[in-house]
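As structure tokens, the structure follows; a few thoughts come after it.
Only the coordinates and a few stated rules stand behind these numbers; no lab work does. Since the structure is predicted, the reported quantities are computational estimates derived from the model, not experimental observations. Because the Cβ atoms are built from the backbone with ideal geometry, glycine has one as well, and the counts that use them run over all protein chains shown.
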Amino acid sequence: MEEVTKQVTVKKLSTAALVGLILGIIALLLSAIPIINNFAAFLAVIGLVFGIVGLVGTTKSKRRGKGMAIAAIILSVLAFIIVIASQSFYSSVLDGASKEANKSLDKMSGDATADILGKDVDVTLGTFSAVEGEYGIVTTKLPVKVTNKLGEAKSYYIKVEAVDAAGNRIVDDTISVDKLGSTQSQDLEAFKYVESTKLEALKTATFKISSVSEL
């Protein structure tokens, strides 16, 4: 009795599907890591290409590994989506941090005076006085009341400018308040030391806040 031996042909595994799957897995693992995910996006694209090539090859029954090819495509697409989403998120966070840093620098330099006066601190200027005392010594002052409107202690440097009727600067003075508590007020005096040559001009001057720095 003759033995009939049947030969079973085993299809070779699709190399493209395997490579695509490996690249897709690596891309997915790296997809949410800042900076490195740029490389992950590249791997995801290459993995997608290999996955498609593997799927076409296995569909035509030349190779086995169709499920592997499909998985490679899914993982590569998912990795690419995560890369785009994470980069958008990180960019948004960095932009927000940059804006906050710039805002803080502006407040420290006095470039955000209007914003500070509107939200953080209230500065009220009183009436300038020049009183001549004994021996002809003239005492000058401009009362300034500073109120911290924030919920935390802050230090302020306030520059007050005296201008004439034409708007020309006569002289300026800077006063400071250190660590003024939340909602607290402090009374200060500006222009306590004035040159005698500018005294008469100051008596009719208009006083205004030219800048406020916040620390």
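Any idea what the dipole of the stretch 1-135 comes to, in debye rounded to 20, about its Cα centre with Lys/Arg Cβ at +1 and Asp/Glu Cβ at -1?
That gives a dipole near 1980 debye.
What do you get for the angle between helix 66-109 and the principal long axis of the chain? Use alpha-carbon atoms, 0 to 90 degrees, nearest ten.
That works out to roughly 10 degrees.
At most 12 other Cβ atoms within 10 Å and a DSSP loop assignment: could you name the chymotrypsin sites (Phe, Trp or Tyr not before Pro) in the stretch 106-197 that fit? Present the calculation step by step, with values, prior to reporting the outcome.
Numbers: sites: Phe128, Tyr135, Tyr156, Tyr157, Phe191, Tyr193; in loops: Phe128, Phe191, Tyr193.
When the chymotrypsin sites (Phe, Trp or Tyr not before Pro) of the stretch 106-197 are filtered for loop state and at most 12 Cβ neighbours within 10 Å, Tyr193 remain.
Which far-off residues, 5 or more places away or on another chain, put their amide H under 5 Å from the one on Val144, with H placed in the peptide plane?
When sequence neighbours closer than 5 places are left aside, the close amide H contacts are Gly126, Leu188, Glu189, Ala190.
Taking 1 over the mean of 1/r across every pair of different Cα atoms in the stretch 111-215, what Kirkwood radius in Å do you get? Let's see the in-between values first.
On the way: mean 1/r = 0.0690 Å⁻¹.
This gives a value of 14.5 Å.
Evaluate E = 1/(1 + (r/R0)^6) for Asp120 and Leu78, where r is the Cβ-Cβ distance and R0 equals 45 Å; express this FRET efficiency to the nearest 0.05. Mind dumping the intermediate values first?
Values: r = 46 Å, r/R0 = 1.03.
It comes out at approximately 0.45.
Rounded to the nearest 0.05, what FRET efficiency do Thr204 and Leu150 give with R0 = 30 Å and r taken as the Cβ-Cβ distance? Could you check?
E between Thr204 and Leu150, to the nearest 0.05, is 0.25.
For the stretch 61-215, give the magnitude of the charge dipole about the Cα centre (Cβ charges: +1 Lys/Arg, -1 Asp/Glu; no others), in debye to the nearest 20.
In debye, rounded to 20, the stretch 61-215 gives about 1680.
Work out how much length Val45 to Lys192 would gain on full extension: take 0.36 nm times their residue separation and subtract the Cα-Cα distance, in nm to one decimal.
Extending this stretch completely gives an extra 45.7 nm.
Can you give me the distance in nm between label points at Ala85 and Val56, each placed 7 Å from the Cα along the Cα-to-Cβ direction?
Placing both labels 7 Å beyond Cα along the Cβ direction yields 3.0 nm.
Compute the acute angle (0 to 90°) between the alpha-carbon long axis of helix 15-30 and the principal axis of greatest extent of the alpha-carbon atoms of the chain; round to the nearest 10°.
It works out to around 20 degrees.
Compute the orientation-averaged projected area for the chain from the convex hull of its Cα atoms and round it to one decimal in nm².
If you wrap the Cα atoms of the chain in a convex hull and average its projections, you get 21.3 nm².
Would you mind checking the pairs Lys11/Lys66; Lys145/Lys192; Lys99/Lys179; Lys159/Lys179; Lys99/Lys119 and listing those with alpha carbons more than 20 angstrom apart?
Where the Cα-Cα span goes over 20 Å, the pairs concerned are Lys99/Lys179.
Rounded to the nearest 500, what is the 222 nm mean residue ellipticity of the chain from helices alone, with -39500 (n - 2.57) per DSSP H run of 4+ residues and division by all residues?
Values: 5 runs with 96 residues, N = 215.
Computed mean residue ellipticity for the chain: -15500 deg cm²/dmol.
Using only Cα atoms, what is the ratio of the radius of gyration of the stretch 64-148 to 2.2 N^0.38 Å?
2.59
What angle, in degrees between 0 and 90 and rounded to the nearest 10, separates the Cα long axis of helix 36-59 from the longest principal axis of the Cα atoms of the chain?
With rounding to tens, the tilt is 20 degrees.
From the gyration tensor of the Cα coordinates in the stretch 9-98, what semi-axes in whole Å does the equivalent ellipsoid have, largest first, with each one equal to sqrt(5λ)? Walk me through the numbers before you get to the answer.
Details: eigenvalues 217, 16, 11 Å².
Taking √(5λ) for each eigenvalue gives 33, 9, 7 Å, largest first.
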